[in-house]
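The structure appears below as structure tokens.
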Amino acid sequence: MPELQAACDVFIAVAWLAAATAWVVLARGVKAAVRHESRGSRWLHLVPLGLAAVLLIGGDLTGAWLAAPVVPRAAWMAPAGAALTAAGLLFAGWARLVLGGNWSGTVTVKRGHELVRCGPYGLARHPIYTGLLTALLGTALAIDKWRALAALAIVTLSFLRKLRTEEAFMQAEFGADYEAYRRQVPALVPWPRRAGVR
């Protein structure tokens, strides 16, 4: 079991590193922004993400109770966590590719911004967050420490705050079209689109 855990840990680390590298490369082809969230709003997103990264990467240096297991270790947890991490990152990557030049790491409206409703955006309005949270859930399952669960909670709260800011920007940009999209496609939990969504 220690060998399987170690292999899954390496797989998960490489998957996250590969995803981050791909996103940095893809960021070069985005459209110019014409409207940005405030610097304070950006920090309200980045600081919790940084704290979550420290909890995940910091190992057992985060304190005794945070380093304790959440549940008794089982052999299936590491491979299931690795599979969930991969599935989440692939879903987020698919969403990122479909979003194309409209993507931004911060909340913005781009020049010639399009309301994307196809592919994963027909299943969830924020499929990148869906994928990343799924991947983080898988990572937390594989780690099985309170620090990983705390990181998942922090990132979830941060994404929910950022999601509301993005929704306000999209509502202001697309008006009734975005309101119809909101009524027909759930925010995070993928579900087939309801009637009326193109």
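Read-outs: derived from the displayed coordinates by stated rules, not from any lab. Everything quoted here is computed from the prediction, not taken from an experiment. Glycine gets a Cβ as well: all are built from the backbone with ideal geometry, and neighbour counts include every protein chain shown.
Farthest toward the positive end of the dipole of the chain, out of Val30, Val155, Ala68, is the Cα of Val30, where the dipole comes from beta carbon charges about the Cα centre.
For segment 58-171, the fraction of C-alpha pairs farther apart than 19 angstrom is 53 percent.
Note on Lys31: lysines with a C-alpha under 17 Å away, same-chain residues under 8 apart excluded, are Lys110. Charges were assigned to the Cβ only: +1 to each Lys and Arg, -1 to each Asp and Glu. The resulting dipole of the chain about its Cα centre is roughly 700 debye. Computed from Cα atoms, the angle from the helix 77-99 axis to the main principal axis of the chain rounds to 20 degrees.
Computed from the C-beta positions of Val189 and Leu44 and an R0 of 30 Å, the FRET efficiency is 0.80 to the nearest 0.05.
Relative contact order of segment 1-137, taken over Cα pairs closer than 8 Å and 6 or more residues apart, is 38 percent. What does a probe at Trp76 reach in segment 1-22, counting residues whose amide N is under 17 Å from the point 7 Å along Cα→Cβ? Backbone N within reach: 1, 5.
The C-alpha atoms of the chain occupy a region whose extents along the principal axes are 53, 37, 29 Å, arranged from largest to smallest. Each stretch of four or more DSSP H residues adds -39500 (n - 2.57); spread over every residue of the chain, this sum gives -21500 deg cm²/dmol at 222 nm.
Mind checking the angle between helix 127-143 and the chain's longest principal axis? C-alpha axes, 0 to 90 degrees, to the nearest 10. It works out to around 0 degrees.
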